[in-house]
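One structure below.
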């Protein structure tokens with residue numbers, strides 16, 4: 001049976017620090033939007049106290065977590081034991097995004113990440129720090145989670161950025177990290193997505209969602225989709 005508590009205990013924190021992977025889930029406010037779940041590796045998760053955790057957010061091919069947090073702040077972090085006694089833990093909270101150059105980022109990075117992530121090579125990978133206020137801790141059995149042995153961290157991400165210039169990294173960020181797949185802006189510094197792009201992206205997703213209830217009525221579904229597409233390009 002699952003249990004819930006208002007904060008992490010010392011034993012919870014000790015267990016969290018032993019885990020090699022965790023998962024982050026966010027969602028947009030729009031009920032037709034896409035729920036996102038992201039696996040996280042490396043030694044990037046820090047527990048500051050029983051109700052506050054932070055994680056170092058690396059560069060990637062999307063910006064769902066950042067976009068969702070800047071829209072509504074909701075986030076859940078899940079960890080599960082792949083070794084030892086079974087356990088699943090979910091940390092429910094609200095998150096804030098801090099980018100490099102902000103006082104909050106600089107303070108958190110200096111205190112918790114500089115020794116491991118401060119080299120020029122690794123700094124290229126760093127996109128933001130996500131600061132989470134945890135308001136509920138859930139724990140369940142994890143009996144169905146398989147046992148797996150940890151081999152090593154992948155070096156692929158680090159190696160892929162070794163030879164990249166700041167200009168190339170900025171272009172990739174603008175291309176891949178301006179909007180969520182539902183068209184929600186990330187507001188990441190340096191991205192230059194326009195409202196028009198967001199409207200088109202969100203409009204096409206909305207049109208697809210509109211079709212789902214009308215699978216049995218092709219003609220009506222097509223008419224609704226056409227109207228939705230037309231509204232995007234007004």
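Looking at (1) assigned to a loop (DSSP other than H, G, I, E, B); (2) free of Cβ contacts under 8 Å to residues at least 60 places away in the same chain, which is the only condition residue 147 fails? Checking residue 147 against (1) assigned to a loop (DSSP other than H, G, I, E, B); (2) free of Cβ contacts under 8 Å to residues at least 60 places away in the same chain, the one that fails is (2). Find the residue count for the stretch 14-58, including only residues that are crowded, with 17+ Cβ neighbours inside 10 Å and modelled with pLDDT of 95 or more. Number of matching residues: 21. If you check 9, 61 for being surrounded by fewer than 17 Cβ atoms within 10 Å (Cβ to Cβ), over 19 Å from residue 112 (Cβ atoms), modelled with pLDDT under 95 and assigned by TED's automatic domain parsing to the domain that holds residue 113, only one passes: 61. Scanning the stretch 93-130 for residues that are exposed (fewer than 14 other Cβ atoms within 10 Å of the Cβ) and either in contact with a helix residue (DSSP H, G or I) (Cβ under 6 Å, 6 or more places away or on another chain) or at positive phi (or both) turns up just one, 101. What do you reckon, is residue 174 at pLDDT 90 or above and surrounded by fewer than 15 Cβ atoms within 10 Å (Cβ to Cβ)? The answer is yes for residue 174. Is at least one residue of the stretch 80-92 more than 15 Å from residue 8 (Cα to Cα) and buried (at least 20 other Cβ atoms within 10 Å of the Cβ)? No, the stretch 80-92 contains no residue that is more than 15 Å from residue 8 (Cα to Cα) and buried (at least 20 other Cβ atoms within 10 Å of the Cβ).
Taken over the stretch 131-168, the criterion of being exposed (fewer than 13 other Cβ atoms within 10 Å of the Cβ) and in contact with a helix residue (DSSP H, G or I) (Cβ under 8 Å, 6 or more places away or on another chain) is satisfied by 162 alone. Residue 2 satisfies every condition listed in (1) modelled with pLDDT under 95; (2) crowded, with 18+ Cβ neighbours inside 10 Å; (3) in contact with a strand residue (DSSP E or B) (Cβ under 6 Å, 6 or more places away or on another chain) except (2).
The values are calculated or read from the model by the stated rules, or taken from the named source; none is laboratory data. Every value quoted in this text rests on a predicted model; they were computed, and no experiment measured them. A quick note on method: Cβ atoms are made from the backbone with ideal geometry, for glycine too, and the neighbour counts reach across all protein chains shown.
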